[in-house]
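> This is the structure I have questions about; it appears just below.
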Amino acid sequence: MTTQNSNSGYADVLLGLQYGDEGKARVVDFIAPEYDIIARFNGGANAGHTIETKEGGKVALNQVPSAIFHEDKLMYIGSGCALNPVKLKIEIEKIKNLGLNLEGRLHISCQASVVQPHHMYIDAAMGGAIGSTKNGIGPCYADKANRMHRDKLLNVRTGDLNDDAEHFYRIVETNLEDAAQAFDLQIPNPNEVMAEFMEGFEYIKKYIQPDTLFLQRKVEDGAKVLFEGAQAVMLDVTKGGVPYVTSSNTIAASAYSGGDLSLNFHRKTIGVAKAIMSRVGHGPFATEFGREESEKYCMTSEGDGPKYGKAVEEKYDLDELIKSENEFEMGKALRILSGEYGTVSTRPRRIGAFDIVQLNYAVKMNDVKELIINKCDLLKEYSRTAREKIPLAVSYNLDDEEIDYVPGSVSAYYRVKPVLEYLESFSEDISGIRNYEELPQPMKNFKEEVEKLTSCKVVGVGVGPEREQFINISL
Ligand code: GDP
Ligand code: IMO
Ligand code: MG
């Protein structure tokens, strides 16, 4: 750690180490008291960050950092984010309804790119190949990279709109018209779309921070920052399972460019994983139960039916299903038991075993020294499976060769077969345990095996979704 002077603060980075939805937000909510500012540096409304507290109930956040319940904390949305004003307005109103006021607390970088209406339409038309969240994220970052088309600005930023709204609204409108033509988009009422966009921006305008050194100055003056990663290492646009990724950089190194802080303030990177992995969207997932069959099933299902989805799966006989020798069927049972369905779509998420090879890739790349494993309460379900053991992928087999790394080629990653080790399971409900010592021995063995195989300390385990259902080992 190097800081500029003895009074200056520091920054920690918290990242999802797998394919997203590892429970990052619940950890941010848990450790927020240790910090002054919680900051986002990447992504946008594609993130779905859930916090569950006794007082506030279950809240899902998309663009606002997960510190809303800590009223003395500031929150920052950095220049690396793709900001959707329409969705942010809705989110802030939802937070207001919880009795929380973000004025003076939330600051948005004036250098963040704005998700314009045409980005949403292009993503809805083209994002299917990846299985995108249809939040316009890819097209927004594409316009950021493209910068201009002839003499017209493509990358409109929050600061532009703040500076001269009328002028930039016209550009956003022209971008919508041009995209409608170029991509043959059906936009029934463009005037309404623009009106909604402008209304959204006018609403969030007051949160835009004109000082491009806002965070930097705060940390120089002593503030402690927690960068809250969105998405995850395997969804990084460069280092993830390309092309089945999001369009931003999700890794620790990018927290400082996207979060607007010089990197000499970096203290440590905290990684979050979950004990039973999940993935939404297409792409390689080496330890997926049922492999191709599962990917196809999950990616072609239509939420609640008629053949697939939560409502259909919930009718299965779970005791039978989980005992199945067929991994695809067994995976369905684990999905039901772990509630892995899209929050909005209710689409089934792909489910797989804990993958040490993939985790090591993420740990090493980001110098993760502290690991948090969520959803450990669900490990007990493995005791009901035919094998009655907890599977752990310890290496990969690629074309009959054993490897210990994540292949860089997408087709090679699809060919990889996991080499599994099986650990003793437990059947106790651990969701009420708060003290590490009280955990059943097989749970402790799982934790120790992960530590041995990753050379990384497990500092906390999630044993349920609520804030208190967390065992702080050495955070
Ligand atoms: P994020 O995107 O990484 O912040 O994670 P999400 O909020 O999208 O998804 C995590 C889901 O798992 C949420 O529904 C959480 O409430 C839930 N969750 C988090 N930790 C645990 C845990 O330890 N046990 C259980 N059963 N659920 C958890
Ligand atoms: P959090 O922060 C899980 C996935 C999408 C798709 C791919 C690209 O909640 O962990 P995008 O809309 O970004 O162009 O979609 O990335 N994806 C996520 N999966 N959690 C997320 O965020 C995700 N954000 C994007 O499903 O496969
Ligand atoms: Mg999520």
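Every number in this text was worked out from the coordinates using simple rules, so none of it is lab data. Since the structure is predicted, the reported quantities are computational estimates derived from the model, not experimental observations. Cβ: placed from backbone, ideal geometry, glycine included. Neighbour counts: every protein chain shown.
> Quick one: 3J(HN,Hα) in Hz for the range 258-265, Karplus 6.51/-1.76/1.60 with θ = phi - 60°, rounded, Gly and Pro as x.
Using θ = phi - 60°, the values come out as x, x, 6, 9, 6, 7, 5, 8 Hz.
> Tilt of helix 190-204 relative to the longest C-alpha principal axis of the chain, in degrees (0 to 90, nearest 10)?
Here the helix axis deviates by roughly 80 degrees.
> Moving on to the next point. Which lysines have a Cα less than 16 Å from the Cα of Lys94, not counting those fewer than 8 places away in the same chain?
Lys58
> Moving to a separate point now. For the chain, what log10 I(q)/I(0) values come out of the Debye formula at q = 0.12, 0.13 1/Å, with one point per alpha carbon and no solvent?
-1.07, -1.25
> Quick query: amide H of His107 versus all other amide H atoms, modeled in the peptide plane; which residues come in under 5 Å with a sequence gap of 5 or more or a different chain?
So His107 has HN proximity to Met75, Tyr76, Ile77.
> Which whole-Hz ³J(HN,Hα) couplings does the range 11-20 yield from phi under the Karplus relation 6.51 cos²θ - 1.76 cosθ + 1.60, θ = phi - 60°, glycine and proline marked x?
10, 10, 10, 10, 10, x, 9, 10, 10, x
> Something else about it: Would you grab the residues whose amide H sits under 5 Å from the one on Ala230? Only those 5+ places off in sequence or on another chain, please, with H modelled 1.01 Å from N.
Phe41, Asn42
> Antiparallel DSSP bridges in the range 30-113: what percent, to the nearest 5? Please report the intermediate quantities before stating the final value.
Details: 5 of 14 bridges.
Given both bridge residues lie in the range 30-113, the antiparallel proportion sits at roughly 35 percent.
> Given the Cα-Cα distance of Glu401 and Lys364 and 0.36 nm per residue of separation, how much length would full extension add, in nm?
Details: separation 37, 0.36 × 37 = 13.32 nm, distance 2.23 nm.
Stretched fully, the Glu401-Lys364 segment lengthens by 11.1 nm.
> In whole Hz, with x marking every Gly and Pro, tabulate ³J(HN,Hα) for the range 266-282 from phi via Karplus 6.51 cos²θ - 1.76 cosθ + 1.60, θ = phi - 60°.
Those phi angles translate into 5, 9, 7, 10, 10, x, 10, 10, 10, 5, 10, 7, 9, 9, 10, x, 6 Hz.
> Let me ask something else about it. Kirkwood-based Rg over Rh for the range 353-472 (C-alpha set), two decimals?
Values: Rg = 15.4 Å, Rh = 15.4 Å.
Taking Rh as the inverse mean 1/r over Cα pairs, Rg/Rh reads 1.00.
> Sticking with this one: Express as a percent, rounded to the nearest 5, the fraction of DSSP beta bridges in the range 353-472 (both residues included) that run antiparallel.
Details: 14 of 20 bridges.
Percentage antiparallel, nearest 5: 70.
> Assuming R0 = 22 Å, what is the FRET efficiency of Asn189 and Ala125, from their Cβ-Cβ distance, to the nearest 0.05? Mind dumping the intermediate values first?
On the way: r = 17 Å, r/R0 = 0.78.
Taking R0 as 22 Å, the efficiency between Asn189 and Ala125 is 0.80.
> Exposed loop trypsin sites (Lys or Arg not before Pro) only (DSSP loop, at most 15 other Cβ atoms within 10 Å): please give the longest stretch of the chain free of them, not including the sites. All intermediate terms of the calculation are to be shown ahead of the outcome.
Values: sites that count: Lys54, Arg147, Arg150, Lys307, Lys315, Arg387, Arg434.
That gives 151-306 as the longest site-free run.
> Which GluC sites (Glu not before Pro) in the range 361-400 pass both tests, a DSSP loop state and at most 14 other beta-carbon atoms within 10 Å? Before the final figure, lay out each step's value.
On the way: sites: Glu370, Glu381, Glu388; in loops: Glu388.
In loop regions of the range 361-400 (DSSP not H, G, I, E or B), the sparsely surrounded GluC sites (Glu not before Pro) are Glu388.
> I'd like the antiparallel share, as a percent to the nearest 5, of DSSP beta bridges with both residues in the chain. Intermediate results must be reported in sequence, preceding the final value.
Numbers: 27 of 66 bridges.
The antiparallel proportion sits near 40 percent.
> If you filter the range 55-140 for GluC sites (Glu not before Pro), then keep DSSP loop positions with at most 12 other Cβ within 10 Å, what is left?
Details: sites: Glu55, Glu71, Glu91, Glu93, Glu103; in loops: Glu55, Glu71, Glu103.
Sparse-neighbourhood loop GluC sites (Glu not before Pro): Glu55, Glu71, Glu103.
> Oh, and also: For the modelled label position 7 Å from the Cα of Lys205 along Cα-to-Cβ, which residues of the range 52-88 have backbone nitrogen atoms closer than 19 Å?
Counting only backbone N, you get 83-88.
> Please give me, ordered by residue number, the chymotrypsin sites (Phe, Trp or Tyr not before Pro) of the range 315-391 that lie in loop per DSSP and have at most 11 other Cβ atoms within 10 Å. Mind dumping the intermediate values first?
On the way: sites: Tyr316, Phe328, Tyr341, Phe354, Tyr361, Tyr382; in loops: Tyr316.
Answer by residue number: there is no such site.
> Using the scaling law 2.2 N^0.38 Å as the reference, what is the normalised Cα Rg of the range 23-148?
Working: Rg = 15.0 Å, N = 126, 2.2 N^0.38 = 13.8 Å.
Dividing the Cα Rg of the range 23-148 by 2.2 N^0.38 Å gives 1.09.
> Compute the normalised compactness of the range 8-274: alpha-carbon radius of gyration over 2.2 N^0.38 Å, N being the residue count.
Numbers: Rg = 17.7 Å, N = 267, 2.2 N^0.38 = 18.4 Å.
Relative to the rule-of-thumb radius for its length, the range 8-274 sits at 0.96.
> Another question about this same structure. Please label the shape of the range 166-256 as rounded, prolate or oblate, based on the square roots a ≥ b ≥ c of the eigenvalues of the alpha-carbon gyration tensor (a/c under 1.5 means rounded; beyond that, a/b larger than b/c means prolate, else oblate).
Details: a/c = 3.17, a/b = 1.36, b/c = 2.33.
Oblate.
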